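Worksheet: one structure, shown below.
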Amino acid sequence: MNISIIGTGYVGLVTGACLAKKGHNVICVDRVDNIVNSINSGRSPIFENHLEELLLEVVGCKLKATSDIKYAVENSEVSIIAVGTPFSEGKIDLEYVKEVAYDIGMILKEKEDYHVVCVKSTVVPTTTDTVVMRILEVASGKRLGDFGLVMNPEFLREGNAVEDFMNPDRIVIGAMDDKSFDVFSKIYKGYFDAPIVKTNPRTAEMVKYTSNALLATLISFSNEIAAISEEIEDIDAVEVLEGVHMDRRLSMNIEGRNIRPDIIKYLKPGRGFGGSCFPKDVKSLITFSEKLGYMPKILKSVIEVNESQAERIILKLKNEIGDIKDKTIAVLGLAFKEGTDDIRESQSIKLIRKLMEEDAVLKCYDPVAVENAKKELGEQKNLEFYNDYESALHNANAAVIMTDWDSILNINIDVFTKLMKNPVIIDGCRMFHEKNLRANDIKYAGIGWRRL
Ligand code: UDX
């Protein structure tokens with residue numbers, strides 16, 4: 001199939017590269033020339049695992065990029081809108097989605113063959129069948145039926161996006177009518193094993209929000225259980241939640257009894273969630289629901305628990321080393337999670353800001369996110385960044401683990417004792433276990449674990 005994709009962020013570009021790999025002809029559109037040039041030379045403009053190898057394979061034969069949306073839409077049967085929906089004042093901003101819908105509509109005016117427009121950007125229920133639909137009709141002067149419209153949410157995790165796209169659990173297609181569905185589903189049918197859920201656009205939009213809200217709820221729920229467990233001696237919340245998770249009612253996707261580690265992660269306590277999706281999506285769903293007249297209770301608590309995680313970590317820090325003013329703290333990990341250089345809504349950045357307010361001396365390590373963190377936090381007194389953890393740990397009074405990078409997990413225990421002034425670890429990712437560290441005279445406190 002000939003497909004155009006508008007927006008080359010991590011969703012648009014991963015979608016484009018993966019569909020091209022499956023054999024479709026893909027034209028990616030971005031208005032920034034540097035991004036277009038970078039894609040056309042096989043270089044990924046974003047850091048995403050396996051994306052660059054995939055681009056090198058498909059660019060020039062199955063995928064090309066352009067800034068000319070007219071050329072892209074005219075030469076495709078389906079256009080996928082994958083532009084950002086920035087979050088401001090409690091809700092998502094549809095400006096880019098509307099602009100692109102208008103541009104596509106204007107091009108469809110002159111286009112004779114049937115064309116399906118797909119909304120992939122995350123939008124609140126009713127956006128596709130009211131806002132996008134109206135813009136397309138007005139701009140094209142045509143009615144639904146002359147063109148098709150679907151909503152097809154993505155479930156891609158940053159850092160795992162290529163793998164998630166290639167091996168989806170399900171494909172949700174919310175179509176305005178059967179013809180839209182029949183044409184659009186050809187993108188997936190025969191190319192992917194996953195079940196295709198056929199529904200209407202509103203339900204598809206709600207599936208996406210509900211999915212992220214449930215995962216975020218599991219994380220905050222685990223963190224609440226962790227906070228209770230910490231009040232009791234000799235309970236490890238990680239073990240508690242593993243025990244809970246083995247219930248097959250909670251493990252629907254698990255084949256046999258082999259529990260997939262990435263699923264169990266969502267019941268693992270830690271420093272809380274961040275990133276470009278969970279905080280924004282849960283907050284947007286709250287605002288959307290309130291506008292409809294229902295005041296959500298659970299979702300508000302999910303945010304509240306998440307926002308208190310950095311404070312809880314600081315409390316643990318103070319329990320171990322007392323006043324943190326002028327103390328040197330090594331912050332291990334800046335990205336909002338492993339496998340990405342993205343620091344949006346990162347719990348680590350929130351923690352750093354709070355520690356700076358308390359006049360701590362901060363030495364921060366991340367294998368890939370240092371540049372982004374520097375841009376975000378700027379030049380500050382007592383704030384240094386390193387690409388190697390040894391420099392961050394050198395002479396530190398405590399180390400706080402904020403991102404679950406393998407490079408941190410693989411630090412030899414001796415390194416902490418050798419390099420740090422006081423070997424104290426506050427583990428926001430539950431990577432290490434107290435029992436293993438005690439023998440080395442390391443003081444350890446983790447979320448969901450009370451120090452004996
Ligand atoms: C998420 C959804 O998973 C994806 O389906 C959707 O399309 C976009 O939003 P992403 O934000 O990339 O993807 O990351 P994800 O791996 O889901 O993690 C989100 C946040 O939750 C991260 O900060 C992560 O560290 C945190 N998290 C995850 C936890 O704190 N604990 C966990 O057990 C799991």
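Just so you know, all these numbers are worked out from the coordinates, no wet-lab data involved. Since the structure is predicted, the reported quantities are computational estimates derived from the model, not experimental observations. In this analysis, Cβ positions are derived from the backbone assuming ideal geometry, glycine residues included, and neighbour counts consider all displayed protein chains.
Some observations on this one:
- Distance from region 278-337 to region 139-167 (C-alpha centre basis), Å: 31 Å
- Cα-derived Rg over Rh, computed across the chain with Rh taken as Kirkwood radius: 1.01
- Distance between the 7 Å Cα→Cβ label points at residue 114 and residue 387: 5.3 nm.
- For residue 203, neighbours were defined as the other residues whose beta-carbon sits under 14 Å from its Cβ, and their charges (Lys and Arg +1, Asp and Glu -1) total +2.
- Whole-number percent relative contact order across the chain, with pairs defined as alpha carbons under 8 Å at least 6 apart: 12 percent
- Cα Rg, Dmax, region 2-199, angstrom units: 15.6, 43
- Rotationally averaged projected area of region 210-304 (alpha carbon convex hull; nm²): 7.0 nm²
- Electrostatic tally near residue 90: other residues with Cβ closer than 13 Å to its Cβ, Lys and Arg +1, Asp and Glu -1, net +1.
- In terms of packing, defined here as the mean over residues of other Cβ atoms within 10 angstrom, the peptides 289-302, 130-143 line up highest first as 130-143, 289-302.
- The gain in end-to-end length when the residue 421 to residue 291 segment is fully stretched comes to 41.5 nm, 0.36 nm per residue minus the alpha carbon separation.
- Vicinal HN-Hα couplings computed from phi for region 367-381 (Karplus, 6.51 cos²θ - 1.76 cosθ + 1.60; Hz; Gly/Pro x): x, 9, 9, 4, 4, 5, 5, 4, 4, 6, 9, x, 6, 9, 5
- Summing Lys and Arg as +1 and Asp and Glu as -1 over all other residues whose Cβ lies under 13 Å from the Cβ of residue 341 gives a net charge of -3.
- Relative contact order (percent, whole number), region 307-446, Cα cutoff 8 Å, 6+ residue spacing: 25 percent
- For the set 22/189; 265/291; 70/142, the pairs lying more than 21 angstrom apart at their alpha carbons are 265/291.
- Nearest-0.05 FRET efficiency for residue 91 and residue 356, computed from C-beta distance (R0 35 Å): 0.70
- Descending by average beta-carbon neighbour count within 10 Å, the peptides 422-433, 217-228, 370-381 line up as 422-433, 217-228, 370-381, the highest first.
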